[in-house]
Amino acid sequence: MTNPHRHKLFGGEVDWFTIILWLLLCIIGWFNIHAAVFDPDNPELFNMNTNYGKQSIYIFSAMVLAVTILIVDAKFYSSVSPILYVITILLLIAVLIIGRNVGGNQAWIPIGSFRLQPSEFAKLATCLLLGRYLSTQSTKNPNLGTLLTGASIVLLPVMLVLLQPDTGSALAFFALVFVFYREGYISGPWMLFGALCIMLFVLTLAFNQWVIISVIAVVCALGIYYFRKRRKAITSLIIFFVISTAYVFCVDFVYENVLQSHQRNRIDVILGKIDDPRGQGYNLNQSMIAIGSGQFWGKGYLQGTQTKYNFVPEQSTDFIFCTIGEEWGFVGSMVVISLYLTLLLRIVNIAERQRTAFARIYAYGVASILFFHFAINIGMTIGIVPIIGIPLPFISYGGSSLWSFTILLFIMLKFDANKKGIV
């Protein structure tokens, strides 16, 4: 039976449901950018002197890119992936030399009035090359050598992005850990171990380290008593206690010597260690005021006072969700969140129905990157994660982010439409 959401076009069956979700998010972003930086002297949506006018051009050009991607043969993207990866690496090096510093990050290459952000396209290139490499290993059992090579493909752009320094964009690459997990290179216990490390790191910052160690000791002691007749379990618990204790003692050193001062301040604001609504906590405080003031139904389109008077910095880019919360309220916010969750579930569904390992791996890479941006961007505007400055996919203002996410998504749709296999 023919899937009602898939129609034959561009040499295959294109998933139009996913395309509609993409288009809805782009339109929502355009109207909210209009609201966020509304200029009464230039109210027209297509006024090229404004960000919302420029965004209309970015959206139109993204549509052209989408159609072009669907026309090109699917095998082209596999063959060009090493070249694209090398180009983005060279651009990441170039941006350190000739890039423009904006907001403390040397992450943009000026091209006339446009600024290109190579790190956005590096995510695309990394997903493609990682998919190609891991797919060539799919007939072999997952092994450490393959994992290390795959990790190197991810870590090279991460190191270059950190030199900008753009921590937010660098962290987005680590979302690809879900790809390694899906392909069997990282087991469930290791994923649990990683989650435990993150939890211990946060708890150690929030509470006294001796309190954390005492709690771990009590848990291990209870475990030893419960498994008192199983020597291996007791040995494992003792090793766990020793490693956890050493890890807890290392947290303060890493926090003070690895993270930059503004990053520490943002974490301290989230943890409640700093209460400075006019200083370090200003962005977060204004963001939460804007979202909270929207209440259930919102204040209405172009009626947001926090938005209108520029109380929230970067409101058309990193903090665009504040505009949605203030003007559309809880209902509008949930609509946007629901669209993202539907898109993510759709991508996972597309990934699982792929006939080739390359298409499946790449689709999971797309899902991982989009999920990270969606979860972290919204999380930082409502105060549950530190502010790290990353765009909300398809909604935030900017050509680089919109084009890179569009290319990322539509290459996946081309793979899905292709029926002859890719590699």
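The values are calculated or read from the model by the stated rules, or taken from the named source; none is laboratory data. All of these numbers come straight from a predicted model, not from anything done at the bench. Cβ placement follows ideal geometry from the backbone for every residue including glycine, while neighbour counts extend to all protein chains displayed. These area figures cover heavy atoms from the full protein model, side chains too; ligands, DNA and RNA do not enter into them. Shrake-Rupley method; radii C 1.70, N 1.55, O 1.52, S 1.80 Å.
Quick check: anything in the range 280-295 out of contact with any strand residue (DSSP E or B) (no Cβ under 9 Å at 6 or more places or on another chain), over 30 Å from LEU413 (Cα atoms), among the small types (Gly, Ala, Ser) and surrounded by fewer than 20 Cβ atoms within 10 Å (Cβ to Cβ)? Yes, the range 280-295 has at least one match. If you filter the range 258-269 down to residues that are in contact with a Ser or Thr (Cβ under 9 Å, 6 or more places away or on another chain) and part of a loop (DSSP other than H, G, I, E, B), you find that the one that is farthest from CYS197 (Cα to Cα) is GLN260. The condition of being over 29 Å from GLN137 (Cα atoms) and touching a helix residue (DSSP H, G or I) at 6+ places or on another chain (Cβ under 7 Å) holds for only one of PHE321, PHE330, PHE372, PHE358, that being PHE321.
Mind counting the residues in the range 18-62 that are more than 17 Å from PRO393 (Cβ to Cβ) and either assigned to a helix (DSSP H, G or I) or among the small types (Gly, Ala, Ser) (or both)?
Of the residues in the range 18-62, the ones more than 17 Å from PRO393 (Cβ to Cβ) are 34-35, 37-54, 56-57, 60.
This time we only want the ones that are either assigned to a helix (DSSP H, G or I) or among the small types (Gly, Ala, Ser) (or both), so: 34-35, 51-54, 56-57, 60.
Number satisfying all stated conditions: 9.
Among the residues in the range 383-399, are any part of a helix (DSSP H, G or I) and open to solvent by less than 30 Å² (accessible area, probe 1.4 Å)? Within the range 383-399, one or more residues are part of a helix (DSSP H, G or I) and open to solvent by less than 30 Å² (accessible area, probe 1.4 Å).
Could you list, in sequence order, the residues of the range 94-103 that are assigned to a helix (DSSP H, G or I) and surrounded by 12 or more Cβ atoms within 10 Å (Cβ to Cβ)?
ALA94, VAL95, LEU96
Note on the range 359-382: residues that are within 12 Å of the chain's Cα centre (by Cα), β-branched (Val, Ile, Thr) and open to solvent by less than 10 Å² (accessible area, probe 1.4 Å) amount to 2. Based on what the data block shows, is ARG346 in contact with a Ser or Thr (Cβ under 7 Å, 6 or more places away or on another chain), charged (D, E, K, R), on the phi < 0 side of the Ramachandran plot and open to solvent by 10 Å² or more (accessible area, probe 1.4 Å)? Answer is yes for this residue. Here is a check on your reading of the model: is MET48 open to solvent by 70 Å² or more (accessible area, probe 1.4 Å) and under 15 Å from ILE411 (Cα atoms)? In short, no. Among the candidates GLN137, GLN106, the residue that is within 28 Å of VAL258 (Cβ to Cβ), surrounded by fewer than 23 Cβ atoms within 10 Å (Cβ to Cβ) and more than 18 Å from the chain's Cα centre (by Cα) is uniquely GLN106.
Hey, any hits in the range 65-75 for a residue that's modelled with pLDDT under 90, in a loop (DSSP other than H, G, I, E, B) and surrounded by 15 or more Cβ atoms within 10 Å (Cβ to Cβ)? Among the residues of the range 65-75, at least one is modelled with pLDDT under 90, in a loop (DSSP other than H, G, I, E, B) and surrounded by 15 or more Cβ atoms within 10 Å (Cβ to Cβ), which makes the answer yes.
Among the residues in the range 308-324, are any farther than 24 Å from GLU44 by Cβ, part of a helix (DSSP H, G or I) and modelled with pLDDT of 85 or more? Yes, the range 308-324 has at least one match.
Looking only at residues in the range 109-125 that are free of Cβ contacts under 8 Å to residues at least 60 places away in the same chain and either polar (S, T, N, Q) or assigned to a strand (DSSP E or B) (or both), the one that is surrounded by the most Cβ atoms within 10 Å (Cβ to Cβ) is SER119. Only residues that are in contact with a helix residue (DSSP H, G or I) (Cβ under 8 Å, 6 or more places away or on another chain), touching a residue at least 12 places away in the same chain (Cβ under 8 Å) and closer than 20 Å to MET412 by Cβ were counted in the range 333-355, giving 12. If you check LEU70 against the conditions, is it in contact (Cβ under 8 Å) with a residue 12 or more places away in the chain, more than 28 Å from GLY168 (Cβ to Cβ) and in contact with a Leu (Cβ under 9 Å, 6 or more places away or on another chain)? Judged against the criteria, LEU70 is a match. Filtering the range 335-382 to residues that are among the charged types (D, E, K, R) and assigned to a helix (DSSP H, G or I) leaves ARG346, GLU352, ARG360.
Please indicate, with yes or no, whether at least one residue in the range 249-263 is over 23 Å from the mean Cα position of the chain (by Cα) and either at pLDDT below 70 or at positive phi (or both). Scanning the range 249-263 turns up no residue that is over 23 Å from the mean Cα position of the chain (by Cα) and either at pLDDT below 70 or at positive phi (or both).
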